[in-house]
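Everything below concerns the one structure shown next.
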Amino acid sequence: MTQLKKVAILGRPNVGKSSLFNRLARERDAITSDVVGTTRDIKKRVVTISGNRDFEVIDTGGIDDSTEMFSIVKKLSLRAANEADIIIYVVDGKNLPDAEDKELFYGLQQLNKPIALVVNKIDNDKDENLRYWDFLEFGADRTFPMSVSHNRYMNDFYAWLEAYIPQREEANEGLQLTEDEELSFEEIVEMVQIEEEEEEDNEIKVAIIGRVNTGKSSLLNALLHEERSVVSNVAGTTIDPVDAELEYKDHKITFVDTAGIRQRGKILGIEKFAFERTESMLQDADIALLMIDATVGVVELDERIANLVEKHKLGCLIVLNKWDIHKEDEETYRKAVENIRDELKFLHYAPLITISAKTGLRVHKILDEIVNIYGRYKQRIPTAELNEVLKYAISRHHPPSLNGATIRIKFATQYETKPPKIAIIMNRPDGLHFSYKRYLSNVFREKFDFEGVPLDLGGRKRGQRVDDD
């Protein structure tokens, strides 16, 4: 089966790319207007010219860096050019050549592909004499002065294009061409973010939180193998957060030994200031080590502190300290875990480790847990895999209707990391019932490794920015 040639139409906003796309597709499909930046979606159509020459034409969004939205569209447009076999760059013949156009065109020439410069909006001889010649300085192999909307001077352009589009082979006369495709803006965002190479990110910020006298400073000292923080049996000795860094398995881990948190009514003077600093520090943290006193178990204040983890969407490891006081038996461990899981249901995703900061029992395992949790915290799930699992989840259990209206889920896209955020693109986002959202989260957790990581999942309409709340 012959692979169709791909023809990408590029250019800055409002130069007539969609008009050219419509002309080639012989239909008025892409929205055209005089509003800058109308096209931000990506459209693809299979086109036939000269009766037996088939190719896929791609209408890209306007290339512009003026806003975050346009910068994302630009990335995908340039990637479309990189994947295309033939490039058409469109400029506005009503205006003088733009320096940015030249820079973009010169960059595209470096791809060593057939490329034409279409000087659009040359509606008459006056326009041609006034502006066309200025664009010859681009040095394009072929420059076409045209008026797409008036169908002026299109024949030469078609002849050039046909030279690069092979005739349909006889054996492929019955070939089923690929279906028309449209990519909405949230898909553009998703594709750019998913498929771009991730930057190296090996710096982890870890917050040690817990109520007073649970052993936070002792744990930090055990991890650092030195007396970096003041350790005392007096509740609330640590006032200011103490930063400490270490290198472990090619990661730089920064610990903050946070001030012990008391009951709200007891937060007075300098301790109130320390609490506020702790809250501020958590905004930049990646992972929280939630310290629980094994001799006491979970109390109301532990739950309030744990809520800070949920509030700031941190990765989490529950550290049950002072375990050396208990006997190492299975029944004691089972009851302790049941108590914590029952009281801290909202941290169901967080693994639990029993340690003794005083004796060093299992302290060495915490660093491995931190590195592993951070790897999941920053991970991206490939789009194909994410949607394969979504399809599986829907086949097992369809979303419930909303007041009799059918809920249709189109696809899922992970649009952010730290924590992983997944948008479920659907016709009625308000119809994503919390129980079905929980079901999807559980399925994603079952199929992908999200242990220790909060999963932010929400419904979005097609065309709605994934970062709109």
**Item:** Selected residue (only one of Pro419, Pro400, Pro454 is in a loop (DSSP other than H, G, I, E, B) and farther than 24 Å from Ala350 by Cβ)
**Value:** Pro400
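Residue-by-condition table, conditions (1) among the aromatic types (Phe, Trp, Tyr); (2) modelled with pLDDT of 55 or more; (3) in contact with a strand residue (DSSP E or B) (Cβ under 6 Å, 6 or more places away or on another chain); (4) assigned by TED's automatic domain parsing to the domain that holds Thr413:
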site	(1), (2), (3), (4)
Glu190	no, no, yes, no
Glu196	no, no, no, no
Arg211	no, yes, yes, no
Leu220	no, yes, yes, no
Glu227	no, no, no, no
Val231	no, no, no, no
**Message:** If the requirement is being of a type outside the set (Ser, Thr, Tyr) and under 23 Å from the mean Cα position of the chain (by Cα), which of these qualifies: Lys345, Lys410?
**Reply:** Lys410
**Hits in the range 144-153 (condition: crowded, with 18+ Cβ neighbours inside 10 Å and either at pLDDT below 85 or more than 39 Å from the chain's Cα centre (by Cα) (or both))** = Phe144, Pro145, Met146, Ser147
**Hey, Ile394 touching a Gly at 6+ places or on another chain (Cβ under 9 Å), of a type outside the set (Gly, Ala, Ser) and either modelled with pLDDT of 90 or more or in a loop (DSSP other than H, G, I, E, B) (or both) or not** = no
**Item:** Test result for Asp141, without any contact (Cβ under 8 Å) to a residue 24 or more places away in the chain, more than 20 Å from Ser18 (Cα to Cα) and in the same structural domain as Ala25 (by TED's automatic domain parsing)
**Value:** no
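The values are calculated or read from the model by the stated rules, or taken from the named source; none is laboratory data. What you see is a predicted model; the values in this text were computed from it and never measured. Reconstructed Cβ throughout: ideal geometry from the backbone, glycine too, with neighbour counts over all protein chains shown.
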